[in-house]
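**Student:** The structure under discussion is supplied below as structure tokens; questions concerning it will follow.
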Amino acid sequence: MQFQQLQYFVAVAETRHFTRAADLVHVAQPSLSQQIKALERELGADLFRRARGNITLTDAGEALLPLARRILADADTARHEVQELAQLRRGRVRLGATPSVCTGLLPDVLRAFHDRYPGIRLLIEEGGSHDLVRELARGALDLALVVLPLPTPSPALTTVELLREDLVVVSSPDAARPGRGSRTVRVADLEGERMVMFRHGYDLRELTVAACRAEGFEPDFAVEGGEMDAVLGFVRAGLGVAVVPRMVAARSGRGLRVTPLARPGLHRTIALAHRSDVAPPRAARELQRMLLER
């Protein structure tokens, strides 16, 4: 099995067309077809069902596709590690993080990392923990900051707890203080409050909704579907209250009233994750060290 054959196979699988795949990998279409047939002979199974104008994967092709993508992603990482990384002067780190972590935790750490290693490119991907775990597993990320527990625990990932963070309630200073004006608010006090809620896939959405249901009520959404910046903006405008990490609230500046949650409160655990079967590149390991020592 040759690396080039896997490249051709993935190109055909993604385009569902031999000619377009050949253009994508910059090779003549007959050469690509020959290499695919050679791969099929070596594996002893057809990878594609070939019908006029309709190319689909066989069961063998479906099984090979995620493995081939992972091999190509690992090879790409190795290429960058060897060719671009010279004593941490050049290279890249692909870091995934939930949007609230990007807002609260990352700015100071990334600034320190960039000051120390200005030649290293930082590629940041925002997403929910479920999406980030999937991207880690297929080799598209070196590290990811995720919320524990993971939605789908994976034995292929190593996670190290980074911090346990309190959640708080934010509201507009012009609106009535939630919880009948007390200095702290219970989750039960949010019943009847109009809430600004994150989009589906946000870990904070799932945590907040679950906490409200545990108190016996469904949250009342004034607005839902926003990212972190949008949610904070809607709260400033007086559309409702929101539950956000304390670190995010502290960084959000004027225009927000912050009310702590009464004990036992709500918390979330942030962890640093990477694949167990492949060591992160050197630059990623250095960023990992700085995050753990922050």
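The values are calculated or read from the model by the stated rules, or taken from the named source; none is laboratory data. What you see is a predicted model, and the numbers here were worked out from it, not measured in a lab. Virtual Cβ from ideal backbone geometry, glycine too; neighbours counted across all protein chains shown. Each accessible area value is taken on the protein alone, full model and side chains, heavy atoms only, with ligands, DNA and RNA left out. Shrake-Rupley method; radii C 1.70, N 1.55, O 1.52, S 1.80 Å.
**Student:** Going by alpha carbons, how many degrees (0 to 90, nearest 10) lie between the helix axis of 29-43 and the longest principal axis of the chain?
**Tutor:** 90
**Student:** ³J(HN,Hα) across the range 269-280 via Karplus (A = 6.51, B = -1.76, C = 1.60, θ = phi - 60°), whole Hz, x for Gly/Pro?
**Tutor:** 10, 9, 10, 9, 10, 8, 5, 7, 8, 9, 5, x
**Student:** Non-local amide H neighbours of Gly225 (under 5 Å, H modeled in plane, Pro and chain starts lacking H): which ones?
**Tutor:** Answer set, sorted by chain and number: Met197, Phe198, Arg199.
**Student:** May I pose another question? Mind giving me the FRET efficiency for Val278 and Glu215? R0 is 51 Å, r the Cβ-Cβ distance, nearest 0.05 is fine.
**Tutor:** 0.75
**Student:** Determine the per residue accessible area of the range 175-294 with all protein chains present and a 1.4 angstrom probe, expressed in square angstrom.
**Tutor:** Here the residues of the range 175-294 average 49 Å² of exposed surface.
**Student:** Moving on. So what's the projected area for the range 1-119, the Cα convex hull averaged over all directions, in nm²?
**Tutor:** That works out to 10.1 nm², a quarter of the Cα hull's surface.
**Student:** Skipping prolines and chain starts, which residues have an amide H placed within reach, meaning under 5 Å, of the one on Ala242, given they are 5 or more residues away or on another chain?
**Tutor:** Close amide H contacts, sequence-distant or interchain: Val170, Val196.
**Student:** If I fit a long axis through the Cα atoms of helix 3-15 and take the longest principal axis of the Cα atoms of the chain, what angle between them do I get, 0 to 90°, rounded to 10?
**Tutor:** Roughly 60 degrees between the two axes.
**Student:** Roughly how big is the range 235-292's charge dipole about its Cα centre, with Cβ charges of +1 (Lys, Arg) and -1 (Asp, Glu), in debye to the nearest 20?
**Tutor:** Around 220 debye, computed over the range 235-292.
**Student:** Tell me the carbon and sulfur percent of the accessible area for the range 12-146, rounded to whole percent, probe radius 1.4 Å.
**Tutor:** C and S fraction of accessible area: 49 percent.
**Student:** Measuring from centroid to centroid over Cα atoms, what is the spacing of the range 25-56 and the range 157-174 in Å?
**Tutor:** 49
**Student:** With a probe of 1.4 Å, find how much accessible area the range 1-121 has per residue, and write the answer as a whole number in Å².
**Tutor:** Result: 55 Å² per residue.
**Student:** Could you work out how far helix 203-214 tilts from the main Cα principal axis of the chain, as a 0 to 90 degree angle to the nearest 10?
**Tutor:** Approximately 50 degrees, to the nearest ten.
**Student:** For the range 61-69, take each phi angle, set θ = phi - 60°, evaluate the Karplus expression 6.51 cos²θ - 1.76 cosθ + 1.60, and give the result in whole Hz per residue in order, putting x for glycine and proline.
**Tutor:** Ordered by residue, 3J(HN,Hα) equals x, 4, 5, 6, 4, x, 5, 5, 4 Hz.
**Student:** Calculate for the chain the 222 nm mean residue ellipticity that helices alone would give, adding -39,500 (n - 2.57) per DSSP H run of length 4 or more and normalising by residue count, nearest 500 deg cm²/dmol.
**Tutor:** Only helices count here, giving -13000 deg cm²/dmol.
**Student:** Find, to one decimal place in angstroms, the Kirkwood hydrodynamic radius of the chain, where the mean of 1/r is taken over every pair of different Cα atoms and then inverted.
**Tutor:** 21.9
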